[in-house]
Amino acid sequence: MALISKIRKNSWVLVVLIGLGLAGFIIMDMTSGQQSVFGSTQFTVGEIDGQKLDWNQFNRVEQVLYGNSGGEVFSRRKQLWDYFVEEAIVKEEAEALGLGVSKTELMDLQFGPNPSPIIRQRFMDPQTRQINFQQLNSIKTAIENGTFTDPQMRAFWSHQEKEIIKDRLQSKLSNMVSKAIYTPTWMAEMGHQEQSVSIDIAYVKIPFDELDNTEVTLSDEDYRAYLERNEARYYQDEETRKLEYTVFDVLPSAKDSAALREKIAGLIPEFEAAENDSAFVERNYGAIQGVYLTKENLSPVIADTAFSIPVGSVYGPYIDQGSFKAMKVLARMSMADSADTRHILISADTPQRFTAAKKTIDSLENLLLTGAATFDSLAVKFSQDPGSASDGGKYENVTPNQFVPEYNEVLFVTGEVGKRYKVRSDFGWHLIEVLSRSSSTTERIKTAYLDERIVPSEDTQNDVYERALAFVGQNRSLEEMRQAADKDGLEVGTSSGLKKNDFTVGTLGAGQASRDMVRWAFNANEGEVSPEIYAFQDPVDYYTNKYVVTGLKSIQSAGLPSVDNIKDEIEQLVINEKKGALIAQRIQGDNLSAIASSFSTQVDTARNVTFNASFVPNLGAEPKVVGKAFILEQGQTSGPVIGESGVYVVNVIRKPTPGQATNIPQLRRSIAAPIRSQVPGQLIQAMKKNADIEDNRSRFY
């Protein structure tokens, strides 16, 4: 009662507390979530020059383009991000310049005779390498008639139009910049000299290996000086982090192998007795070889045996290419080494089209039976095989297995010379005529296989996981991880500098596990070991083939890297510079023979060296040496030149006087052409660099 009375006396306090609580909920709702009045970035994947990219929009477009298709998800997301960034900056620049794409131009880019590269890529027939204008015209008709109602296809086409517009605007911008490139006369004349003059040089090379690494002492100042001299090469636009990782490989045990061998062995009696080989191998995840093979075409493991055992016999189990196998000889025959044939192909790729193609083939066969037309004329008019239609459908000197299995079977096994056959294949319906077969033959066989990949069992995978789990539990710092790995005989790998959106780690490759490691790294401190075990999957057999324990080795801010973080990468380069300076001090005089003798080397020559040569026979890739040679006169000898692989002294043996440039316009075009060809790629990169881009992708995946 006393407590209630006290609350009543101070009820204003209760009212204030309730009010503060309600206000807190309201403020939280206002400042968080996708609909925040203060513009929350909770769902913003990125911002390009003030234009926000919403996660829902990004995800929706990904689904439209790729759906649930397979493939490497992180690569396609990077491509999609690049598209949105480029679209935003291209659109902004185009609007500033007054560039656009009209509706008429857009229609022409989609359905005209010279469509956009995007249409060419997506609507090109892989067999004929021709654009499928029939499919494009049907889509155009559906759009015009209002029957283009498939929601998924409408969404795809709507996004594709944006891609086409972006590509067209980008092309216009590139063309504007490309056309503005001009080569002045002095540059054309200089280019003429670089292209037309070639010199002969004699040189002595003293390799860096002339000095042992122990003769060179390096300080941190030497590394810093090297980095400053090579700033453009090592400067980083964004923060990077390096990981060290220990791999626990998952390998099949002896018990796993024995169980798989026993499984194959247990199927052999039934395999040998099977009357329907196709059904049996399909039921047991095997395969029938669809063609007849010679001994040379078979695996060496079974080649001799396959040609010695009776037809219907099974050989195995045996190991071949990482599998336990059993092989059954289905047929053996002497087959012609070549044949002549002709055919008419009516292409098909859907059940409806296969039905229509069969009716067309039947009609063409009736024309031949009644004598109303010749095979050649029908092939020229109707065959959809671009490789033979113009020649009356004829192929000569065809070897076994050159065509699809169904065609091959008729041509070399079941068909008779002079007769015609109707055959269905993956390409459509064929009307085939066997014209002739060679008299020379070779023995071939047809086989079927049972196959069990030798992979670790789930128990083995779990055992390795438990080892990795114990390892990470006992080693919670990077130094402890290194010491434990060394004690257990495990290798420790090191990644290159990783950016926050990377998805490939060192030798581990790309994928979800690598991406998870990178995301952890950007939320960890140096020296930490991740508590998570990262599982990597075999790309062929889809089992866990390795477990990885990782720790954060270093953090490198944007800008020039610190000496500690890059010392391992540049150490030998800095040593070579120091060696070069020491060797240069020891070179006396300019007599090449004397210099060669003092360093126990020889005088070499390089002839017809041009100024812009990236690689010179004998000399190699030594731009500093070539550059030095071209500023010398004939007969002059250089001082020591510290190159890429040693110290050089160069003498110019021959240096002709360049002729006068006579065709300046042509020189201007030839010099400008390679620069113009680089504009599309370099322009968009320059625009990206100058744009204000906020990248939040790592928050979402």
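Checked against (1) under 18 Å from Gln160 (Cβ atoms); (2) within 31 Å of the chain's Cα centre (by Cα), Val85 passes all but condition (1). Is it true that some residue in the range 596-609 is of a type in the set (A, V, I, L, M) and closer than 10 Å to Ile201 by Cβ? Yes, because at least one residue in the range 596-609 is of a type in the set (A, V, I, L, M) and closer than 10 Å to Ile201 by Cβ. Only residues that are of a type outside the set (Phe, Trp, Tyr) and within 37 Å of the chain's Cα centre (by Cα) were counted in the range 210-230, giving 6. Here the range 139-159 is the region considered, the condition is being under 12 Å from Phe111 (Cβ atoms) and surrounded by 13 or more Cβ atoms within 10 Å (Cβ to Cβ), and the residue that is modelled with the highest pLDDT is Trp157. Cβ-Cβ distances below 6 Å connect the following pairs, each with a first residue in the range 664-677 that is closer than 11 Å to Ile181 by Cα, a second residue that is modelled with pLDDT of 90 or more and outside any helix (DSSP H, G or I), and a separation of six or more residues or different chains: Arg668/Thr183; Ile671/Thr183; Ala672/Ile181; Ala672/Thr183; Ile675/Ile181; Arg676/Ile181.
Please work out which residue is farthest from Val472 (Cα to Cα), limiting yourself to the range 234-259 and to residues that are in contact with a helix residue (DSSP H, G or I) (Cβ under 9 Å, 6 or more places away or on another chain) and assigned to a helix (DSSP H, G or I). My answer is Tyr234. Here the range 410-452 is the region considered, the condition is being assigned to a helix (DSSP H, G or I) and either assigned by TED's automatic domain parsing to the domain that holds Glu270 or in contact (Cβ under 8 Å) with a residue 12 or more places away in the chain (or both), and the residue that is surrounded by the fewest Cβ atoms within 10 Å (Cβ to Cβ) is Val413.
Apart from one condition, Ile264 fits all of (1) in a helix (DSSP H, G or I); (2) free of Cβ contacts under 8 Å to residues at least 12 places away in the same chain; the exception is (2).
Answer yes or no: is there a residue in the range 519-533 that is part of a strand (DSSP E or B) and modelled with pLDDT of 95 or more. Yes: one or more hits.
Being polar (S, T, N, Q), in contact (Cβ under 8 Å) with a residue 60 or more places away in the chain and not assigned by TED's automatic domain parsing to the domain that holds Ile570 holds for only one residue in Gln321, Gln289, and it is Gln289.
Residues that are among the acidic types (Asp, Glu) and more than 29 Å from the chain's Cα centre (by Cα) were ranked within the range 231-274; the one that is surrounded by the most Cβ atoms within 10 Å (Cβ to Cβ) is Asp256. All of Phe208, Phe156 fail the test of being touching a helix residue (DSSP H, G or I) at 6+ places or on another chain (Cβ under 6 Å), at negative phi, of a type outside the set (Gly, Ala, Ser) and not assigned by TED's automatic domain parsing to the domain that holds Lys579, apart from Phe156. Within the range 453-486, can you find the residues that are assigned to a loop (DSSP other than H, G, I, E, B) and of a type in the set (A, V, I, L, M, F, W, C)? Across the range 453-486, the qualifying residues are Ile454, Val455.
The values are calculated or read from the model by the stated rules, or taken from the named source; none is laboratory data. This one's a predicted model, so the numbers in the text were calculated from it and none came from an experiment. Positions of Cβ are generated from backbone atoms using ideal geometry, with glycine treated the same way; all protein chains shown enter the neighbour counts.
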